[in-house]
1. For an R0 of 41 angstrom, estimate the FRET efficiency from the Cβ-Cβ distance between residue 190 and residue 238 and round to the nearest 0.05.
2. Can you check how the C-alpha radius of gyration of the stretch 136-293 compares to 2.2 N^0.38 Å, as a plain ratio?
3. Expressed in nm to one decimal, what extension gain is obtained for the pair residue 282 and residue 133 from 0.36 nm per residue of sequence separation less their Cα-Cα distance?
4. Obtain the nm distance between the two label points defined at residue 255 and residue 126 by a simple spin-label model: each point lies 7 Å from its Cα along the Cα-to-C-beta direction.
5. Could you count how many Lys pairs in the stretch 141-297 have their Cα atoms under 28 Å apart, skipping same-chain pairs fewer than 8 positions apart?
6. Which whole-angstrom value gives the distance between the alpha carbon centres of the stretch 163-227 and the stretch 121-152?
7. Once you place label points 7 Å from the Cα toward the Cβ at residue 140 and residue 270, how far apart are they in nm?
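Derivation of every value follows stated rules applied to the coordinates shown; laboratory data play no part. Quick caveat: nothing in here was measured; it's all calculated off a predicted structure. As a convention, Cβ positions derive from the backbone with ideal geometry for all residues, glycine included, and neighbour counts pool all protein chains shown.
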Amino acid sequence: MAFCRSTEVLNPKRASAADETLASIAYVVLVTISFVLTQGLAQAQPSSAAPLEAPLPSWSTKEASLQPGSLDEDATTPCRLRVPDPLPQSPVKSEEATTANKPFAYAPLSDGCKFNLFLASTYSPYTFASAGFQATLAHVTGQWPHYGGGMQGWGKRLGATLADTESRRFIQTFALSAILHQDPRYFPSHKRSFISRAWYAATRVVITRNDDGDSTFNTSEFLGALFTSSLQNAYYPRHDRNFGATMNRFSGALASDAIGYIQREFTPDMKLLFRKHAPKRILQIEEKLPLPAEDKP
């Protein structure tokens, strides 16, 4: 209730016909998501008697056709939430390079794994750091002027930014991916040239993989961006609750994801460049950071 008051949630008694329509859409989306969440939580809870190492299904070992951007087959990780990069993260020896070039078997994510992927991003410190940065930038540049100034205005912007991020990840990463049987992860390209890799990354907004490992239209991306943009009309300032603003947010979300995929594609290259030229003292400090290996510089 405090969040609703701080972000000026739509008041049904004073709403116009257009606002009531947008609020109804948001309500339907929330009801649908609540149902999917119930099902996902039930599947995400592993049985205490069952081992965590579950064998991969026989149809998931299409190594030859799914080599580009596929998953590392590891018996100790029945559902990998991060796809291995085609480039090694640190200087490698010849035998390690040979291992890195081995074909991998594609393993789909279960609904429980997709829910775990959503949870991992939800409480990640990067999520809150990014939200704080965006809220501060919006506060300084005067975005959402109806939220006002001071700490109260900044708090409203922070709440709106966190709501945008978390709702998008839940709707797209878990709910729609589970319903539509699509893989929410990014699969790096094995192409060589800069242009081809950048084009591949940008088009992942349109193309994704289904749970069979085949390429398909990224329905969860488009519907996730559209549903989230509509849901934002429930807590954005009244001035920003209209069809034009909703479509602007929708197109902006797609463009932002395309940029994020390009960044994800070239992150391994930037890490290699950093490790090649960084002083030894910096590398020693980096090794001691309490971060997962894939998140370290």
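1. Numbers: r = 49 Å, r/R0 = 1.19.
The pair residue 190/residue 238 has a calculated efficiency of 0.25.
2. Working: Rg = 19.1 Å, N = 158, 2.2 N^0.38 = 15.1 Å.
Relative to the rule-of-thumb radius for its length, the stretch 136-293 sits at 1.27.
3. 51.1 nm
4. About 2.3 nm, to one decimal.
5. 11
6. One Cα centre to the other: 26 Å.
7. Going by the 7 Å Cα→Cβ label model, 1.9 nm.
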